[in-house]
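Encoded as structure tokens, the structure appears first; notes follow it.
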């Protein structure tokens, strides 16, 4: 998820279920240089093992909405069990096939759902999120998944990084075989169709106005393939035509194959 305004640091109010939770929450915010402001629209609520984002505004359509990222249960748990395996469009888009399981850099962390699905399918994932509030939610989800007996092996395949993806890619050109981008979708005319968690993310992080620059960074990173998730019917990101696409009912994965990589002894290489 890309930040709306780099010149304005994010700030949150901190609330702990217990005084110990609140102390831990304050220490966490300080550790990632997240400003604390009791008057902020955004509140991070901390308890023993879960971080929740609450919209405290009085005049927004997400007023009072509480968001927790959960990779263990709910939709993520259902998708983990019944998501279609390597035959699902997401898996095809990133190049998963027999004997080929790429290392993937997910450069737009967000809710992390697609990253967790790909980790479920055996991929090693570098998950990058630069917005400190969203990173806090992802970190909480990752820690709970690591503590879950059913999910710990999957969660161990995910490396979570708090950084600007464009800058990170410049210094880690040898890491990714596939770079996956899921920037904020374009505005819809019928806003009621947009799920509340994504409306909250848009209010928090903005419209990903530098997504085109992130695509440029991905294409010049040395990766074998760049995949961009788009809503079905939307223009390609940055008006840059894709070589091909994998489509599902409501989603299109635009593919930008850059080079062919032969399978290695680690089994982590992909073909175009």
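A few points about this structure:
- Peptides ranked, highest mean first, by Cβ atoms within 10 Å: ranges 135-143, 109-117: 109-117, 135-143
- Available extension along the chain between residue 92 and residue 66 is 6.0 nm, counting 0.36 nm per residue and deducting the alpha carbon span.
- Under the criterion of Cα pairs below 8 Å and six or more residues apart, the relative contact order for the chain equals 19 percent.
- Using alpha-carbon coordinates, inclination of helix 19-31 to the longest axis of the chain, degrees: 50 degrees
- With Cα atoms defining each centre, the range 205-235 and the range 11-57 are spaced 31 Å apart in the structure.
- Across every pair of non-identical alpha carbons in the range 139-262, the mean reciprocal distance, once inverted, gives a Kirkwood radius of 16.5 Å.
- Beta bridges per DSSP with both ends in the chain, % antiparallel, nearest 5: 50 percent
- Dividing the mean sequence gap of close Cα pairs (under 8 Å, 6+ apart) by how many residues the range 11-67 holds gives a relative contact order of 33 percent.
- Label zone of residue 146 (point 7 Å out along Cα→Cβ, amide N under 15 Å): in the range 40-72 this covers 49-51, 71.
- For the pair residue 20 and residue 234, the difference between a 0.36 nm per residue extended length and the Cα-Cα distance amounts to 72.3 nm.
- Label point of residue 243 set 7 angstrom out along Cα-Cβ; within the range 143-182, amide nitrogens under 20 Å from it belong to 173-182.
- Summarising the strand pairing of the range 11-67, around 55 percent of its internal DSSP beta bridges are antiparallel.
- Share antiparallel - DSSP beta bridges, the range 1-124, percent rounded to 5: 55 percent
- On Cα atoms only, tilt of 132-146 relative to the major axis of the chain in degrees: 70 degrees
- As a length-normalised measure over Cα pairs under 8 Å and 6 or more apart, the relative contact order of the range 90-223 settles at 28 percent.
- Kirkwood hydrodynamic radius over Cα pairs of the range 49-125, then Stokes diffusion coefficient at 25 °C and 0.890 mPa s, in µm²/s: 171 µm²/s
Throughout, read-outs are computed from the coordinates displayed, never taken from laboratory work. Remember, it's a predicted structure, so these values are computed and weren't measured experimentally. Note that we place each Cβ from the backbone using ideal geometry, even for glycine, and neighbour counts take in every protein chain shown.
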